[in-house]
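Novice: Let me give you the structure first, and then I'll get to my questions.
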Amino acid sequence: MSAIDQLCPQCGLCCNGVLFGDVELQAKDDPKRLVALGLKLHAKGRAKAFNQPCVCLVGGLCRIYESRPSRCRAFDCAALQRVETGTLDIREAH
């Protein structure tokens, strides 16, 4: 089982509004598709964004994980990075 599978469903800080107030979409994201999947977008300057907590976080899991926005795909928290490099034990990360 991967570190993501073990750690992320128990945490959710990246999606529940504790770490971020909102998430800006990137050029390669498809706003229409993301709205169809349930995200509620708003204008943030010239960008589009969605507020945190994310409406797609359900029971500790992202219900659109395979179709999540670019920023969500790119984000790995420090605890996950340390578990993956072996500098933090998964039990300590929990």
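The values are calculated or read from the model by the stated rules, or taken from the named source; none is laboratory data. Note that the structure is a prediction, hence the values are computed from the model and not measured. Using ideal geometry, Cβ is built from the backbone for each residue, glycine included, and neighbour counts are taken over all protein chains shown. Accessible surface is based on the protein model in full, side chains and every heavy atom, while ligands, DNA and RNA are left aside. Shrake-Rupley method; radii C 1.70, N 1.55, O 1.52, S 1.80 Å.
Novice: Return yes or no: is V18 open to solvent by 80 Å² or more (accessible area, probe 1.4 Å) and either β-branched (V, I, T) or part of a loop (DSSP other than H, G, I, E, B) (or both)?
Specialist: yes
Novice: Can you tell me which residue is farthest from C14 (Cα to Cα) among those in the stretch 36-73 that are open to solvent by less than 40 Å² (accessible area, probe 1.4 Å) and of a type in the set (A, V, I, L, M, F, W, C)?
Specialist: A47
Novice: From the residues in the stretch 74-88 that are aliphatic (A, V, I, L, M) and open to solvent by 60 Å² or more (accessible area, probe 1.4 Å), which one is nearest to D29 (Cα to Cα)?
Specialist: A74
Novice: Moving on to the next point. Residue by residue through the stretch 27-49, note down the ones that are under 12 Å from R68 (Cα atoms) and in contact (Cβ under 8 Å) with a residue 12 or more places away in the chain.
Specialist: Of everything in the stretch 27-49, those that are under 12 Å from R68 (Cα atoms) and in contact (Cβ under 8 Å) with a residue 12 or more places away in the chain turn out to be K28, D29, P31, R33, L34, L37, G38, L39.
Novice: Among the residues of the stretch 23-34, which ones are open to solvent by 80 Å² or more (accessible area, probe 1.4 Å) and in a helix (DSSP H, G or I)?
Specialist: Matches in the stretch 23-34: K32, R33.
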